[in-house]
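First the structure, in the form of C-alpha cells, and then the observations on it.
No value in this document is a laboratory result; all are computed from the given coordinates. A quick note: this is a predicted structure, and the numbers were derived from the prediction, not measured. Cβ placement follows ideal geometry from the backbone for every residue including glycine, while neighbour counts extend to all protein chains displayed.
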Amino acid sequence: KAGVTQTPRYLIKTRGQQVTLSCSPISGHRSVSWYQQTPGQGLQFLFEYFSETQRNKGNFPGRFSGRQFSNSRSEMNVSTLELGDSALYLCASSLVGGEETQYFGPGTRLLVL
Amino acid sequence: AQKITQTQPGMFVQEKEAVTLDCTYDTSDPSYGLFWYKQPSSGEMIFLIYQGSYDQQNATEGRYSLNFQKARKSANLVISASQLGDSAMYFCAMILTGGSYIPTFGRGTSLIVHP
C-alpha cells in the first residue's frame with residue numbers, strides 16, 4: 001500500500017505570496033492532519049480534516065487554511081506569506097483519526113524569501 | 001494544557017548498545033496516549049511505538065520498548081542493540097484520548113549511533 005504523499009517536496013516563495021500544498025493520504029484513510037515544524041517552535045498542529053470537514057484546529061492565524069476533498073486528499077493554503085512561515089509542513093493520515101496511529105508523509109519544505 | 005518535555009537535546013551511543021531517550025509529560029487528564037516517532041534527515045516522521053494511559057504492560061515493538069512510569073509521568077523510549085540506521089531525531093508526543101485528540105510534541109532528541 002502506498003504511503004502518504006506530499007507535493008511539492010520543496011518550494012521557494014517570496015513574502016506576500018500565497019502557497020498551496022497537497023497531501024494524498026494512504027488509501028482508505030479518511031483523517032488528514034497538517035503540522036508545521038520549525039527549529040524555533042518545534043512541531044505544531046495546524047488542523048485536522050475528516051470526511052471533508054475540519055474537525056480540529058490548532059492555534060494558527062487565519063492565513064492558514066485547508067480543505068479536504070471527497071477522495072480524502074487534502075490541501076493546505078497559506079496566504080500573504082511571511083518569513084516566519086518558512087518551515088517543513090508535514091501531513092499525516094489515519095483511518096478515522098482519534099487515538100489511532102498517524103502515518104506521516106515526507107513533508108514539504110517551504111522557504112519564504 | 002498538556003506538555004511534553006524531552007530534556008536530552010542530543011545523545012550518542014555506540015553501535016549494538018542500548019540507549020534510553022527520556023520523555024516526561026504533564027497532564028491532569030487520566031485518559032491519554034503516548035507516542036514515539038523517529039524523524040531521519042529526510043524529514044518523514046516514522047511511528048515507533050504507542051502506550052495508552054490505561055495499558056497495564058509496557059509497550060514493545062521489536063527493538064523498541066517504552067518504559068512507562070505513570071506515577072512519575074515518564075514514558076522513556078528504550079532502543080536495544082542500536083544500529084547505525086537509528087541515527088535520527090526522536091519525538092515523544094501525547095494526545096488526550098478523552099478530548100480533541102490534538103497531539104502535543106516534545107522538542108525532540110537527536111540520537112547519533114557511531115560504529
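Quick notes on this structure:
- When every residue of the stretch A:61-78 is checked against the conditions, none turns out to be surrounded by fewer than 20 Cβ atoms within 10 Å (Cβ to Cβ), closer than 24 Å to B:ARG107 by Cβ, basic (Lys, Arg) and under 14 Å from the mean Cα position of the chain (by Cα).
- One residue from B:LYS73, B:LYS38 being under 19 Å from A:SER94 (Cα atoms) and in contact with a strand residue (DSSP E or B) (Cβ under 8 Å, 6 or more places away or on another chain): B:LYS38
- For the stretch A:79-102, the candidate set comprises residues that are of a type in the set (A, V, I, L, M) and within 13 Å of A:THR14 (Cβ to Cβ); within that set, the residue that is surrounded by the fewest Cβ atoms within 10 Å (Cβ to Cβ) is A:LEU83.
- Just one of the numbered conditions (1) more than 14 Å from chain A (Cβ to nearest Cβ); (2) surrounded by 19 or more Cβ atoms within 10 Å (Cβ to Cβ); (3) over 10 Å from the mean Cα position of the chain (by Cα) is not true of B:LEU77: (3).
- Pair list, Cβ < 8 Å and 6+ apart or interchain, from the stretch B:26-43 residues that are more than 10 Å from chain A (Cβ to nearest Cβ) and free of Cβ contacts under 8 Å to residues at least 60 places away in the same chain to residues that are in a loop (DSSP other than H, G, I, E, B) and among the basic types (Lys, Arg): B:ASP26/B:LYS73
- Checklist (1) touching a Gly at 6+ places or on another chain (Cβ under 9 Å); (2) at the interface with chain A (Cβ under 9 Å from one of its Cβ atoms); (3) over 19 Å from B:GLN8 (Cα atoms) applied to B:SER100, failing item: (1)
- Residue match in the stretch A:54-63 (condition: in contact (Cβ under 8 Å) with a residue 60 or more places away in the chain, of a type in the set (Lys, Arg) and within 10 Å of chain B (Cβ to nearest Cβ)): no
- A count restricted to the stretch B:44-54 and to residues that are at the interface with chain A (Cβ under 7 Å from one of its Cβ atoms) and in contact with a Pro (Cβ under 9 Å, 6 or more places away or on another chain) stands at 1.
- Selection within the stretch A:1-30 - closer than 21 Å to A:SER51 by Cα, assigned to a loop (DSSP other than H, G, I, E, B) and either among the aromatic types (Phe, Trp, Tyr) or within 12 Å of the chain's Cα centre (by Cα) (or both): A:VAL4, A:PRO25
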